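Q: After the structure tokens below, expect a handful of questions from me.
Quick note: the coordinates plus some simple rules give every number you see, no bench work behind them. Computed from a predicted model, the values in this text were never measured in an experiment. All Cβ positions, glycine included, derive from the backbone under ideal geometry; neighbour counts span all protein chains shown.
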Amino acid sequence: MDQPREEAPQTALAEAVERVTQLEAELESASNATTATDALARAREVLHRWVDSVSGVVATPGAGRVVLIHIDGSESRIASPKLPMLLAEPVRWE
């Protein structure tokens, strides 16, 4: 039976959290997952500060990677099927 429209995103979110947590456990690496309002607000605040420290971006859509270069010269690497495509400049045939 189909889920009500409001429940579908919550179910997808819960399934994604569970999938990632299980993958981390297979790697024998501890993880910390939350969807709680206060903890999520804190995580977003930390992420915003982290992103604001970015002074350069290298997007490699073909490899599914983005490298963020921070003000202090450190690098953060993100593997993502979507993010590199979102950051890549569209091709222009001018």
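Q: What length, rounded to one decimal in nm, is gained on full extension from Ala8 through to Ala33, with 0.36 nm per residue of separation minus their alpha-carbon distance?
A: 7.1 nm
Q: Would any residue of the stretch 56-94 have its amide N under 16 Å from a label point 7 Å out along Cα→Cβ of Arg19? List them or say none.
A: 79-83
Q: What residues have an amide H closer than 5 Å to that of Ser80, excluding those fewer than 5 places away on the same chain, when H is modeled at 1.01 Å from N in the peptide plane?
A: Correct list: Arg65, Val66.
Q: Measure nothing but the geometry: give the 0 to 90° angle between the long axis through the Cα atoms of 7-26 and the longest principal axis through the Cα atoms of the chain, rounded to 10°.
A: 70 degrees
Q: With bins 10 Å wide starting at 0, give me the P(r) of the stretch 53-94 over every alpha carbon pair, in whole percents.
A: 32, 44, 21, 3
Q: Step through the residues of the stretch 59-72 one at a time and calculate ³J(HN,Hα) from phi using the Karplus curve (6.51 cos²θ - 1.76 cosθ + 1.60, θ = phi - 60°), rounding each to whole Hz and writing x for Gly and Pro.
A: Per-residue couplings from phi come out as 9, 10, x, x, 9, x, 9, 10, 10, 9, 10, 8, 3, 7 Hz.
Q: Normalise the Cα radius of gyration of the chain by 2.2 N^0.38 Å (N = residues in it) and let me know the number.
A: Cα Rg divided by the expected 2.2 N^0.38 Å: 1.39.
Q: Sticking with this structure for a sec: Using the per-residue mean of other Cβ atoms lying within 10 Å as a proxy for protection, in what order, highest first, do the peptides 54-61, 31-38 fall?
A: 54-61, 31-38
Q: Report, in degrees rounded to the nearest 10, the 0 to 90 angle that the Cα long axis of helix 37-52 makes with the longest principal axis of the chain.
A: The helix 37-52 is inclined about 10 degrees to the chain.
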